[in-house]
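See below for the structure under consideration.
What follows draws every value from the coordinates through simple rules; no lab data is involved. A quick note: this is a predicted structure, and the numbers were derived from the prediction, not measured. Here the Cβ is made from the backbone with ideal geometry for all residues, glycine too, and neighbour counts use every protein chain on show.
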Amino acid sequence: MQVLKETNYEYMEAKIKHNRKLALLSFLVCFILFVIMFIFPLCLYGSFIALAFALSYLRRNFSWKKGMLGEKEVTIALQELDDSYYLLNDVVLYPKHGNIDHIVLGQNGIFVIETKNYKGEVGCKEDEWYQLTYPPKKRGGGRRKRPVKKPLPSISKQAKRNATTLKSFIEKHIEDINLKTRQIEVNSIVAFVNPNLDLNV
């Protein structure tokens, strides 16, 4: 495997640090508002709002960390391919389309890989994805409630959209007349990297 473009982990690490700083700042504001609530009771509401922001930034921080670890794992796994394959990581074709985690070029085709680091029970029916969440057990040993299907953004649609975007980009930039007449096919793959995932598709 020949790596043509590395992942920009500096960008991801900057996002992680940024969200961590915002979370700490929000916790600090929450604490200050909670303390002065005894003088100004309405500050309690501000304290709750600051806490909500802090938790949101922490979630984003965790999400960026998971994404970075997942992409590193896929890159390591792809190193098993021989040198007839080429790898581009973290490719942005148009700013409005986001990034493509990995593009693999080989004699058997072009592949875009969307990396996901989900855990728990995840399933899909066609392009509708969901995660099962279990409500806590009732007190007194009652029966456990049925799992709730929490909708997820469509992972398969995202991977297909990335493949379509890359195909359009290639067709738009081909100058060789012999290549222009050929049908270009870009295949989409979703890579789940977390071993604690129960996938039901």
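Using the Cβ-Cβ distance between ASN194 and MET37 with R0 set to 30 Å, the FRET efficiency works out to roughly 0.15. Overall shape of the stretch 14-126 was characterised from the C-alpha gyration tensor. The equivalent ellipsoid obtained from it has semi-axes of 43, 14, 12 Å, in decreasing order. Helix 155-173 and the long axis of the chain differ in direction by around 40°, with both axes built from C-alpha atoms.
Sum up the charges of everything whose Cβ sits under 11 Å from the Cβ of SER156, counting Lys and Arg as +1 and Asp and Glu as -1, but leave SER156 out.
Once all neighbours under 11 Å are counted, the net charge is +1.
Peptides 152-160, 80-88 ranked from most to least packed by the mean count of surrounding Cβ atoms within 10 Å: 152-160, 80-88. Count Lys and Arg as plus one, Asp and Glu as minus one, and take only other residues whose Cβ is under 12 Å from that of LYS116; the net charge is then -2.
Distance cut-off 24 Å, Cα to Cα: go down the list LYS116/LYS160; LYS17/LYS160; LYS72/LYS149; LYS15/LYS150; LYS15/LYS160; LYS65/LYS125 and report the pairs above it. Show your work: numbers first, answer last.
On the way: LYS116/LYS160 14 Å; LYS17/LYS160 31 Å; LYS72/LYS149 29 Å; LYS15/LYS150 26 Å; LYS15/LYS160 26 Å; LYS65/LYS125 28 Å.
As for pairs spanning more than 24 Å Cα to Cα, those are LYS17/LYS160; LYS72/LYS149; LYS15/LYS150; LYS15/LYS160; LYS65/LYS125.
Say R0 is 22 Å: what FRET efficiency, to the nearest 0.05, do THR164 and ASN99 get from their beta-carbon distance? Approximately 0.90, to the nearest 0.05.
Computed over the stretch 1-67, the convex hull of the alpha-carbon atoms projects to a mean area of 4.7 nm². Between LYS125 and LEU88, the C-beta separation translates, for a Förster distance of 30 Å, into a calculated FRET efficiency of about 0.40. Can you compute log10 of I(q)/I(0) for the stretch 2-195 with the Debye formula, treating each Cα as one identical point scatterer, at q = 0.09, 0.12, 0.13, 0.15 Å⁻¹? Log10 I(q)/I(0), no solvent term: -0.52, -0.80, -0.89, -1.05.
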